[in-house]
Amino acid sequence: MKILIINAGSSSLKYQFMESEGGQVFAKGLCERIGIDGRLTHKVPGREDVKQEIPMPTHNEAIQAVLDIMVDPAKGVIASTDEIAAVGHRVLHGGMAFTQSCIIDDACIEAIKKCIPLGPLHNPANLMGIEACQKIMPKTPQVAVFDTAFHMTMPPKAYIYAIPYEYYEKDDVRRYGFHGTSHRYVSARAIDMLGNPEHSKVICCHLGNGSSLSAVVDGKCADTTMGLGPLAGFPMGTRSGDVDATILEYLMGRYGYDIKEMLNILNKKSGVLGISGVSSDFRDLDDAAAKGNERAQLALDKFIYEVKKFIGAYASAMGGVDAIVFTAGIGENSVEMREQICQGLEYLGAKMDTEKNKVRGKETDVSADGSKVKIFVIPTNEELMIAMDTAALCGK
Ligand code: AMP
C-alpha cells in the first residue's frame, strides 16, 4: 500500500511517500519556512534534488505543494493523488488516551487536542498537518502514530513520579517517554536478530540530537528515560536531561529568570552544548576534543557516563539483558561513541568486537564471538513503522 507520511512542525513539514510492504521510498522532502515565505526540497532516489520557493502562508499550501510536485510529470512519482492510499501522521504526545496508532476521526482529533497541554510545542503543529490533509485530500484515510504510544506498557512503578499522587490522578502527571516509534522498530528488529525467542530483554539506545534509552521486556516497553516531556533522561545535544529541581529555584533567584527563560536554558542551551560551549553536534565535539578542548571532552565523557549508567540501571531493573541496540544519528554513525559506551560492560556479559563495530548506518551484529549479550547497530526506520501501522489500520 502506498502511504504518504507527514511529520508537521510549527514552520516545517517533512514528508515521505513509500510502500508499506518492504519499505521502498518513492519520494521524500521537506517544506520549510511555512508562515514566513516557503521553501520546498523534494528528493526522488536516483534523481537530482529539486529546490523551489513556493509561498506557504499556512500548512494547507505546504501540503498542496507536496501533492503538486508528487504528480508533476517531470519531478513527480505518481500520475494522480488517487495513488496515495492513506496518510500517516507522526504525532508527538498521545497522553494516556493513545496506547496505539489510530484512524483519525473527530474523536481522535479531540483527544489529540486534549493532549496539547502535555505537548504544547508539537501537538498544535501536528494538528495543523492533519487538518491541512483533511482539507486538501478529504477522501483519503488518515492515521495518527504517537511517539508516546509504545511506552504505555510501562508498569506503574516505572511511570509514577514520587510527588503527591493526586497530580497523577487529576492532572495526568507521569512518565510518558518519546521516540516510541523508533524504540518499537529497533527492539522488534533486535528480537528478530536474536532468533525470536519466547522471552527477551533488550536495551535500546536511541542516540541522536534528542536521545533516550528504553528497556524492552518480551517486546514491550518496561521503562524509558524521557518523562512527561522530552527534556528528561541523560544529556542530549542541547537538552539537560534530568537535573535536580533545586537548581531551577537557585538560578531563577540569582538571575531573576522566569520559568519560561529557565526552561529555554534547559531545552536549548544545555546538554553537550551547555557543557562544551562548542556545539550540540557530536562531530564538532569530536573535532574539538581531538584538538585538546577539555570542555568538549568533558561533554563527551558526561554523555558516555550517563548512557552507561542507564544501561546498568536497566539491566538491573530487567534482571539481565540479551541485547543492547544502538540507533539514530550518533548510535548509527559514531564508531567511537559506541565503543566507549560499551567499554567496561564486559561484567554484564556484553563484549564488543571493535573491528565489526567499524560500521556506519548498517544493520550489524557488532558483538564479539561468545559475547553473552548481543550488541547491535540497527538504523531506525520510524517512517516504515508509521507506514505499516497506517496500512494495517486502513484495511490492507
Ligand atoms: P538525529 O537526531 O538522529 O538525526 O541525529 C543527529 C545527530 O547525530 C547530530 O547532531 C550528530 O551529533 C550525530 N551524528 C551524525 N553523524 C555522526 C557521526 N558520524 N559521528 C558522530 N555523531 C554523528
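The values are calculated or read from the model by the stated rules, or taken from the named source; none is laboratory data. Computed from a predicted structure; not experimentally measured. All Cβ positions, even for glycine, are placed from backbone atoms using ideal geometry, and neighbour counts span all protein chains on display.
The figures follow:
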{"quantity": "Residues located in region 328-350, provided they are assigned to a loop (DSSP other than H, G, I, E, B) and surrounded by fewer than 17 Cβ atoms within 10 Å (Cβ to Cβ)", "calculated": "343, 344, 349"}
{"quantity": "Enumeration of residues in region 2-23 that are on the phi > 0 side of the Ramachandran plot and either part of a strand (DSSP E or B) or over 19 Å from the mean Cα position of the chain (by Cα) (or both)", "calculated": "22"}
{"quantity": "Boolean, residue 36 is free of Cβ contacts under 8 Å to residues at least 40 places away in the same chain and touching a Ser or Thr at 6+ places or on another chain (Cβ under 8 Å)", "calculated": "yes"}
{"quantity": "Considering residues of region 310-327 that are assigned to a loop (DSSP other than H, G, I, E, B) and not small (Gly, Ala, Ser) only, the residue surrounded by the most Cβ atoms within 10 Å (Cβ to Cβ)", "calculated": "321"}
{"quantity": "Index of the failed condition, residue 232 passing every other in (1) surrounded by fewer than 24 Cβ atoms within 10 Å (Cβ to Cβ); (2) touching a residue at least 60 places away in the same chain (Cβ under 8 Å); (3) assigned to a loop (DSSP other than H, G, I, E, B)", "calculated": "(2)"}
{"quantity": "Every residue from region 15-34 that is touching a Leu at 6+ places or on another chain (Cβ under 6 Å) and surrounded by fewer than 17 Cβ atoms within 10 Å (Cβ to Cβ)", "calculated": "23"}
{"quantity": "Test: residue in region 178-194 that is buried (at least 20 other Cβ atoms within 10 Å of the Cβ), in contact with a Lys or Arg (Cβ under 9 Å, 6 or more places away or on another chain) and more than 26 Å from residue 362 (Cβ to Cβ)", "calculated": "no"}
{"quantity": "Residue tally, condition among the charged types (D, E, K, R), within 12 Å of the ligand (Cβ to nearest atom) and part of a helix (DSSP H, G or I), over region 281-296", "calculated": "4"}
{"quantity": "Subset of region 351-365 [away from the ligand (no atom under 16 Å from the Cβ) and either in a strand (DSSP E or B) or of a type in the set (Phe, Trp, Tyr) (or both)]", "calculated": "352, 365"}
{"quantity": "Unique residue being aliphatic (A, V, I, L, M) and assigned to a loop (DSSP other than H, G, I, E, B) when the list is 307, 278", "calculated": "278"}
{"quantity": "Pairs with Cβ under 9 Å, 6+ apart, first in region 101-121 and without any contact (Cβ under 8 Å) to a residue 40 or more places away in the chain and within 18 Å of residue 9 (Cα to Cα), second assigned to a loop (DSSP other than H, G, I, E, B) and of a type in the set (S, T, N, Q)", "calculated": "115/148"}
{"quantity": "Of all residues making up region 126-174, the number that are part of a helix (DSSP H, G or I) and either under 19 Å from the mean Cα position of the chain (by Cα) or touching a residue at least 12 places away in the same chain (Cβ under 8 Å) (or both)", "calculated": "18"}
{"quantity": "Test: residue 200 is in contact with an Asp or Glu (Cβ under 6 Å, 6 or more places away or on another chain) and either buried (at least 16 other Cβ atoms within 10 Å of the Cβ) or modelled with pLDDT of 95 or more (or both)", "calculated": "yes"}
{"quantity": "Exclusive hit being touching a residue at least 60 places away in the same chain (Cβ under 8 Å), within 12 Å of the ligand (Cβ to nearest atom) and closer than 30 Å to residue 221 by Cβ, set 299, 315", "calculated": "299"}
{"quantity": "Pair list, Cβ < 6 Å and 6+ apart or interchain, from region 1-24 residues that are more than 18 Å from residue 71 (Cα to Cα) to residues that are in a strand (DSSP E or B)", "calculated": "7/14; 7/90; 12/32; 13/31; 20/3"}
{"quantity": "Members of region 235-266 that are more than 16 Å from the ligand (Cβ to nearest atom), in a loop (DSSP other than H, G, I, E, B) and within 23 Å of residue 180 (Cβ to Cβ)", "calculated": "240, 242"}
{"quantity": "Positions within region 318-339 being more than 15 Å from residue 373 (Cβ to Cβ) and in contact (Cβ under 8 Å) with a residue 40 or more places away in the chain, in sequence order", "calculated": "327, 328, 329, 330, 331, 332, 334, 336, 337"}
{"quantity": "Top-ranked residue of region 203-220 - restricted to ones that are aliphatic (A, V, I, L, M) and under 13 Å from residue 313 (Cβ atoms), ranked as nearest to the ligand (Cβ to nearest atom)", "calculated": "213"}
{"quantity": "Filter result for residue 373 (within 16 Å of the ligand (Cβ to nearest atom) and either at pLDDT 95 or above or under 30 Å from residue 141 (Cβ atoms) (or both))", "calculated": "no"}
